[in-house]
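Notes follow the structure.
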Amino acid sequence: MLYLVGLGLGDAKDITVKGLEVVRRCSRVYLEAYTSVLTVGKEALEEFYGRKLILADREEVEQEADNILKDADVSDVAFLVVGDPFGATTHSDLILRATSLGIPYRVIHNASILNAVGCCGLQLYKFGETVSIVFWTDTWRPESFFDKVKKNRQNGMHTLCLLDIKVKEQSLENLIKGRKIYEPPRYMTVNQAAQQLLEVIRNQRARGEEPAVTEETLCVGLARVGAEDQQIAAGTLQQMCSVALGGPLHSLVITGGSLHPLEVEMLSLFPVPEASSGPQSAEGPCP
């Protein structure tokens, strides 16, 4: 059988008892290593689980899934995913491949950012469509996600923004030349996401459009949700471009406008620290 096991959001101990039992009895255990990261490394997981883990990067999962599924019809194979197994569409594809090969599967769920974001006090049933914000380049600066934010705000819904992760990425030159040389990992911060959003707002105004989000829109920055050192800060979008939340992973919530009194009271627990709301951050100056 193929087991897809959610690891939760914090560290090695966030795996469920059921998931840990599966990991300890499987013949092979893969660790998906590109849609998210834990606050601890592979070695800490191996020590706690008592098992060696096989790192599965994007190329392995998307192009060589047959290696993962090999012999899973006669033995147990586990595929570990940070958060919940269905937090990324890639894992649905793995299930479809297994089914086509006649391999049974079982999913063991866990917490993901999609439900743990409620820790900031915004009510989960008031969230609309989730969006992804990617790193811009000199030649690729997509703004299409902003239409979904606009639609959510028109409906009074909050928007969870998942921020880009670049792991095992190749430069264009190395890709063209077929060199297996990879860039250092990069994880988008709340600061960087806010700066890109502010540029989208300026672009829309330059085109004569009225943006659905402004510099004063209330937002919530979150970092390392589920970990002991998680950070939350609620403030304006302008403040988000300089708030100091520390290391990855970060998420950003754009509120839907009208808030329930309980949401307002909860967000008051997470004010932006005065020291981190100055004119610039480590990522660069605020627009």
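Okay, here's what the table says:
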| read-out | value |
| --- | --- |
| Residue within segment 67-79 that is assigned to a loop (DSSP other than H, G, I, E, B), among the hydrophobic types (A, V, I, L, M, F, W, C) and either open to solvent by less than 30 Å² (accessible area, probe 1.4 Å) or within 30 Å of Val131 (Cβ to Cβ) (or both) present | yes |
| Failed item in (1) surrounded by fewer than 17 Cβ atoms within 10 Å (Cβ to Cβ); (2) in a strand (DSSP E or B), with Leu160 passing the rest | (1) |
| Filtered residue count, segment 231-259, keeping only those that are open to solvent by 60 Å² or more (accessible area, probe 1.4 Å), modelled with pLDDT of 95 or more and more than 15 Å from Gln195 (Cα to Cα) | 1 |
| Residue that is least open to solvent (accessible area, probe 1.4 Å), among those in segment 90-108 that are closer than 17 Å to Gly8 by Cα and among the β-branched types (Val, Ile, Thr) | Ile108 |
| Flag for Val77 being hydrophobic (A, V, I, L, M, F, W, C) and more than 18 Å from Lys18 (Cα to Cα) | no |
| Residues (assigned to a loop (DSSP other than H, G, I, E, B), surrounded by 15 or more Cβ atoms within 10 Å (Cβ to Cβ) and touching a strand residue (DSSP E or B) at 6+ places or on another chain (Cβ under 8 Å)) located in segment 123-150 | Gly128, Thr130, Phe135 |
| Residue tally, condition under 25 Å from the mean Cα position of the chain (by Cα) and over 12 Å from Val61 (Cα atoms), over segment 92-106 | 3 |
| Scope segment 11-38; condition in a strand (DSSP E or B) and open to solvent by 30 Å² or more (accessible area, probe 1.4 Å); matching residues | Arg28 |
| From the options Glu216, Glu199, Glu265, residue that is outside any strand (DSSP E or B), of a type in the set (Asp, Glu), at pLDDT 95 or above and under 17 Å from Cys120 (Cα atoms) | Glu265 |
| Condition check for Asp93: over 30 Å from Glu210 (Cβ atoms) and either assigned to a helix (DSSP H, G or I) or in contact with a Ser or Thr (Cβ under 8 Å, 6 or more places away or on another chain) (or both) | yes |
| Residue that is exposed (fewer than 13 other Cβ atoms within 10 Å of the Cβ) and either in a strand (DSSP E or B) or touching a Leu at 6+ places or on another chain (Cβ under 7 Å) (or both), where the choices are Leu55, Leu45 | Leu55 |
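The values are calculated or read from the model by the stated rules, or taken from the named source; none is laboratory data. Just so you know, these numbers come straight off a predicted model, no measurement behind them. As a convention, Cβ positions derive from the backbone with ideal geometry for all residues, glycine included, and neighbour counts pool all protein chains shown. Only protein heavy atoms, including side chains, enter the accessible area calculation; ligands, DNA and RNA are left aside. Shrake-Rupley method; radii C 1.70, N 1.55, O 1.52, S 1.80 Å.
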